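Structure first, commentary second.
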Amino acid sequence: MSRLYEGVAALSPPGSGLIELDPIESSALKFPKTRKIPQSMLEEVIREFDRPEEIPFVALGDVLAHYDAGDKLLAIEFYGSRLGCFVHRDPEMEIPRNHRSTIKIASGNLNITAWASGDD
């Protein structure tokens with residue numbers, strides 16, 4: 001996860017190779033900008049589904065890159081139906097999803113907030 005975060009953060013210009021989302025879809029995610037990371041950029045262990053990469057909407061199994069208004073990477077989100085996580089640098093970041101259980105892990109200078117929803 002750390003390699004993926006650092007790789008996406010290093011993309012220049014921000015978003016190079018990432019999939020621009022439909023503006024309505026992006027605004028619903030509660031970050032100034034969000035782009036999808038194509039399955040082809042993910043290590044095999046992270047890939048959940050095989051689908052056309054150019055679709056500008058979010059689906060289960062997607063991995064999202066969330067940015068601030070100035071295109072600075074804020075978080076990467078693994079978007080699943082019942083499980084997922086955010087990888088981010090800011091330990092005070094409020095995750096804009098409401099889940100019953102979360103686990104916070106520090107990994108070097110990154111923070112990982114894993115979440116689960118549904119039956120515990």
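Residues of the range 95-120 that are at pLDDT 80 or above and in a loop (DSSP other than H, G, I, E, B): Asn109 alone.
Taking the range 1-23 as the range and being of a type in the set (S, T, N, Q) and within 15 Å of the chain's Cα centre (by Cα) as the test, only Ser2 passes. Suppose the filter is modelled with pLDDT of 85 or more and either touching an Asp or Glu at 6+ places or on another chain (Cβ under 6 Å) or assigned to a loop (DSSP other than H, G, I, E, B) (or both); does Ala69 pass it? Yes. Filtering the range 7-37 to residues that are part of a helix (DSSP H, G or I), hydroxyl-bearing (Ser, Thr, Tyr) and buried (at least 18 other Cβ atoms within 10 Å of the Cβ) leaves only Ser26. Taking the criterion of being without any contact (Cβ under 8 Å) to a residue 60 or more places away in the chain and closer than 16 Å to Tyr79 by Cα, the residues of the range 21-32 that qualify are Leu21, Glu25, Ser26, Ser27, Ala28.
The values are calculated or read from the model by the stated rules, or taken from the named source; none is laboratory data. Predicted model, so just to flag it, every value in this text is computed and none were measured. In this analysis, Cβ positions are derived from the backbone assuming ideal geometry, glycine residues included, and neighbour counts consider all displayed protein chains.
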